[in-house]
1. Of all residues in the stretch 6-55, which are over 23 Å from ALA84 (Cβ atoms) and assigned to a loop (DSSP other than H, G, I, E, B)?
2. Just to be sure I understand, how many residues within the stretch 126-153 are out of contact with any Phe, Trp or Tyr (no Cβ under 8 Å at 6 or more places or on another chain) and in a helix (DSSP H, G or I)?
3. Can you tell me which residues in the stretch 75-125 are within 15 Å of the ligand (Cβ to nearest atom), of a type outside the set (D, E, K, R) and in a loop (DSSP other than H, G, I, E, B)?
4. Exactly one condition in (1) within 16 Å of the ligand (Cβ to nearest atom); (2) buried (at least 17 other Cβ atoms within 10 Å of the Cβ); (3) of a type outside the set (Lys, Arg) is false for SER149; which is it?
5. With (1) open to solvent by less than 50 Å² (accessible area, probe 1.4 Å); (2) of a type in the set (S, T, N, Q); (3) more than 23 Å from THR183 (Cβ to Cβ) as the list, and SER119 as the residue in question, which single condition is left unmet?
Amino acid sequence: MAIEIRQLHPSFVGEVSGVDITRPLGRADVAAIEGGMDRYAVLVFRDQRLTDEQQLAFSRNFGELEFTRGTGISKPGELRLDPAFADVSNLDTNNRPLARDNRRRLYSLGNRLWHSDSSFKAIPATYSLLSGRIVSEKGGETEFADMRSAYDALDVATKAQIEDLVCEHSLLYSRELLGFDLTAEERATMQPVRQRLVRAHPASGRKSLYLASHIGSIIGWPMPEARAFIRDLMEHATQPQFVYAHKWRPWDLVMWDNRQTMHRVRRYDESKPRDMRRTTVGGTEMTVAQAA
Ligand SMILES: [Fe+2]
């Protein structure tokens with residue numbers, strides 16, 4: 001059975017059928033999925049009952065995986081999952097929902113802000129793959145915004161103004177937005193990195209806005225002007241016409257290109273378990289040279 005992709009939104013997002021991703025894939029299938037990612041930026045695979053091992057194997061078809069250890073606030077003994085996973089559940093190591101004042105829960109509320117995964121790393125991620133093992137019945141949608149269409153819709157003068165701008169990204173800035181208190185030790189692990197504001201996709205050459213709540217400054221700009229401008233761009237880029245909301249069904253796997261999209265999770269009932277497991281494919285190059 002050949003892979004088919006049905007577009008779910010006028011500008012991006014495809015639903016993939018004709019492939020069982022729990023099994024090893026042939027090169028043609030991998031190429032078809034990569035082609036789909038280049039074109040749609042987000043792909044939805046329904047009813048994929050993945051084990052952790054199978055999710056890792058499927059993800060590795062697309063490059064080396066990123067490890068979450070060393071980013072964020074979790075310590076090695078506190079991990080529920082293999083460190084190759086980003087645990088975006090609301091569960092503790094006993095698979096019980098985290099208490100309201102749990103520090104890991106409060107930290108993870110950063111996922112409610114629009115962002116691109118790992119934009120705070122000098123070499124940021126390409127793909128993220130999120131498997132919905134236990135999903136919320138109400139709320140908990142993941143929303144995606146198409147940063148290519150958002151770029152295309154800018155006026156000519158703004159495109160010219162932003163073409164060579166470089167922003168600083170750090171988890172410090174997104175957590176600061178929420179008023180989350182980081183320790184001095186945590187802050188020391190979150191040194192800002194530089195990223196171009198406009199990226200061109202390596203396959204299509206199509207330009208996109210590289211935005212995230214992790215942005216705290218624009219190199220060479222006064223801080224208040226930079227933050228006001230980034231806020232304007234974020235509002236522009238997340239207008240309804242650029243956004244797709246994914247309503248999760250159990251065993252959906254959603255794969256997105258962090259270079260071409262932003263995403264955020266919506267509010268849900270946190271008294272009930274929500275088990276979502278993310279693998280992340282690392283990038284291969286910086287978007288711009290880092291400060292010496
Ligand atoms: Fe994310």
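1. LEU8, HIS9, PRO10, SER11, PHE12, VAL13, GLY18, GLY26, ALA41, ARG46, ASP47, listed by residue number.
2. Within the stretch 126-153, residues that are out of contact with any Phe, Trp or Tyr (no Cβ under 8 Å at 6 or more places or on another chain) and in a helix (DSSP H, G or I) number 2.
3. Within the stretch 75-125, PHE85, VAL88, SER89, ASN90, LEU113, TRP114, SER116, SER118, SER119, PHE120, PRO124, ALA125 meet the criteria.
4. All conditions pass for SER149, except number (1).
5. Answer for SER119: the failing condition is (3).
The values are calculated or read from the model by the stated rules, or taken from the named source; none is laboratory data. Predicted model, so just to flag it, every value in this text is computed and none were measured. Cβ coordinates were reconstructed from backbone atoms using ideal geometry, including for glycine residues, and neighbour counts include every protein chain displayed. These accessible areas exclude ligands, DNA and RNA; they are computed on the full protein's heavy atoms, side chains included. Shrake-Rupley method; radii C 1.70, N 1.55, O 1.52, S 1.80 Å.
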